[in-house]
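Below is one structure, written out as structure tokens; comments come after it.
The values are calculated or read from the model by the stated rules, or taken from the named source; none is laboratory data. The model shown is predicted, which means the values in this text are computed figures rather than measured ones. A quick note on method: Cβ atoms are made from the backbone with ideal geometry, for glycine too, and the neighbour counts reach across all protein chains shown.
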Amino acid sequence: MNALHLALLKLWEGDEVPYEEVLGREGSETEVRELISKLWVRCYPQGSARLCVYSYKRPPKEPVPLLLDARGTVIAWTKDGPELVAYPFHKFFNLGEFEWLRKENLPRPKRIFEKLDGTMISVFEYDGELRAATRKRLDTDSLFAKKALELLKDFEPKGTHVFELLGPGSGSKWVDNLEDVFKEEDWLLVPLAYRDMKTLNLYPLKGPREFNVNSLDELEGMLDKSFEGFVVWFEEGKQRPLMVKLKSPSYRELVETLKMGIDGIAKLIIMNKLDDAARFIKPELLKRAKEVLQRLDEIEREVLRGSFDDEGVKAWLEIDPSRAVEEAVKVCLRRGC
């Protein structure tokens, strides 16, 4: 069973909680209630029931089953108690995050997919109605879940279908910020997995790019600027199949830099990494950034001679010439120079 649903059911029935299944060890009802009280919970009326979305507030540091299973799980509360309605991914961890997740302790990869950088959406049917949810909200008040439903006309789910929604504002690669740095893209809903709600077994679906790689060592060698990372399935067709994530450090650093807006673009120009980020940047800003990059030597000479026409840049020149050049690049990006 889903450990969160099991705990809620036993508490509702007044029975003793099976702690090994819920906590992964011996425990107490107080511990279980405390864990549940710390979850993110948002409930919505649905006929005579309430649909509630449960999720951990912060990623669990230990593989506690109740927390692993509280990742956008949807439970319907009726007069008959809690009913498990949707159960997307369980929480799975990064390669090497625990001793048992070190490369030498893992079997040969079975399926390897590119890790997409968007918003996870679960799609399911309840009371004859197609519904969608993110990890924390239903389509009632989630723009991303509503968009997913728009893209799934005439879809008839059996069980829980898990998608990744890519588009403006969805995931770090698509963040829309005040500087209008990131390039807008069309919405795309990519299938990731399917969970049979009778057996609770999880199966991967064809959607992201799949790779035929023989070992984790080989896969780590592919972690470069071209990929955010990978999701590795070592099993499929189980409730919590063994899976790991591999994240690209260079990709994460690049996206975090871009989130800084114009300041981030300036850093990429100074570090000569603009080409690495070009595919994410709005065309008009990218054109301006390339013009600044071509003039970088000239801008630097003007700054160091004290002839760059900006008081802030001149002030930084007295403190840190390198920072003064960076500030001049920001000025050029914002107003031209």
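Within the range 177-188, can one find any residue that is modelled with pLDDT of 95 or more, in contact with a helix residue (DSSP H, G or I) (Cβ under 8 Å, 6 or more places away or on another chain) and β-branched (Val, Ile, Thr)? No, the range 177-188 has no match at all.
Within the group Leu67, Leu149, Leu143, which residue is crowded, with 21+ Cβ neighbours inside 10 Å and either farther than 30 Å from Glu13 by Cβ or in the same structural domain as Gly24 (by TED's automatic domain parsing) (or both)? Quick ask: steps written out before the conclusion?
Working: Leu149 fails: crowded, with 21+ Cβ neighbours inside 10 Å; Leu143 fails: crowded, with 21+ Cβ neighbours inside 10 Å.
Leu67 is the lone residue from the list that is crowded, with 21+ Cβ neighbours inside 10 Å and either farther than 30 Å from Glu13 by Cβ or in the same structural domain as Gly24 (by TED's automatic domain parsing) (or both).
If you go through the range 267-284 one residue at a time, how many are at pLDDT 90 or above and crowded, with 18+ Cβ neighbours inside 10 Å? Write out each step before concluding.
From the range 267-284, those at pLDDT 90 or above are 267-270; that's our starting set.
Narrowing the set further to residues that are crowded, with 18+ Cβ neighbours inside 10 Å leaves 268-269.
Final tally of qualifying residues: 2.
When every residue of the range 120-131 is checked against the conditions, none turns out to be closer than 28 Å to Cys43 by Cα and assigned to a helix (DSSP H, G or I). Residue count for the range 206-227 under the criterion of being under 27 Å from Pro157 (Cβ atoms), in contact (Cβ under 8 Å) with a residue 24 or more places away in the chain and assigned to a loop (DSSP other than H, G, I, E, B): the result is 3. What are the residue pairs meeting all of these: first residue in the range 44-55, first residue assigned by TED's automatic domain parsing to the domain that holds Gly128, second residue part of a strand (DSSP E or B) and surrounded by 19 or more Cβ atoms within 10 Å (Cβ to Cβ), Cβ atoms under 6 Å, and 6 or more apart or on different chains? As it stands, the answer is none, since no pair meets every condition given.
For the range 48-65, a tally of residues being under 18 Å from Ala7 (Cα atoms), modelled with pLDDT of 90 or more and part of a loop (DSSP other than H, G, I, E, B) returns 3.
Would you check if Lys91 is out of contact with any Cys (no Cβ under 6 Å at 6 or more places or on another chain), basic (Lys, Arg), surrounded by fewer than 21 Cβ atoms within 10 Å (Cβ to Cβ) and without any contact (Cβ under 8 Å) to a residue 24 or more places away in the chain? When the stated conditions are applied, Lys91 does not pass them. Checked against (1) surrounded by fewer than 20 Cβ atoms within 10 Å (Cβ to Cβ); (2) farther than 18 Å from Met243 by Cβ; (3) touching a helix residue (DSSP H, G or I) at 6+ places or on another chain (Cβ under 7 Å), Leu39 meets all criteria but (3).
Within the range 11-21, the set of residues being closer than 21 Å to Lys91 by Cβ and in contact (Cβ under 8 Å) with a residue 12 or more places away in the chain comprises Val17, Pro18, Tyr19, Glu21.
Looking at Arg240, Arg323, Arg301, can you tell me which residue is among the basic types (Lys, Arg) and crowded, with 17+ Cβ neighbours inside 10 Å? Outline the logic, then answer.
Numbers: Arg323 fails: crowded, with 17+ Cβ neighbours inside 10 Å; Arg301 fails: crowded, with 17+ Cβ neighbours inside 10 Å.
Within the list Arg240, Arg323, Arg301, the selection yields Arg240.
Applying a threshold of 9 Å to beta carbon distances and a minimum spacing of six or more residues, or different chains, the list of pairs starting in the range 185-197 at a residue that is over 19 Å from Glu210 (Cα atoms) and ending at one that is at pLDDT 95 or above and of a type in the set (Phe, Trp, Tyr) reads Arg195/Tyr87; Arg195/Phe89; Arg195/Tyr203; Asp196/Tyr203; Met197/Tyr87; Met197/Phe124.
Criterion first (of a type outside the set (Asp, Glu), within 17 Å of Met197 (Cα to Cα), touching a Leu at 6+ places or on another chain (Cβ under 8 Å) and crowded, with 18+ Cβ neighbours inside 10 Å) does Val17 satisfy it? Let's see the steps before the verdict.
Values: of a type outside the set (Asp, Glu): yes; within 17 Å of Met197 (Cα to Cα): no; touching a Leu at 6+ places or on another chain (Cβ under 8 Å): yes; crowded, with 18+ Cβ neighbours inside 10 Å: yes.
No: the conditions fail for Val17.
Taken as a whole, the range 70-92 holds at least one residue that is within 18 Å of Phe230 (Cβ to Cβ), outside any strand (DSSP E or B), at pLDDT 95 or above and among the basic types (Lys, Arg).
Taking Arg301, is it outside the structural domain of Pro107 (by TED's automatic domain parsing) and either under 22 Å from the mean Cα position of the chain (by Cα) or at pLDDT 85 or above (or both)? Give the derivation first.
Details: outside the structural domain of Pro107 (by TED's automatic domain parsing): yes; either under 22 Å from the mean Cα position of the chain (by Cα) or at pLDDT 85 or above (or both): yes.
So Arg301 passes the test.
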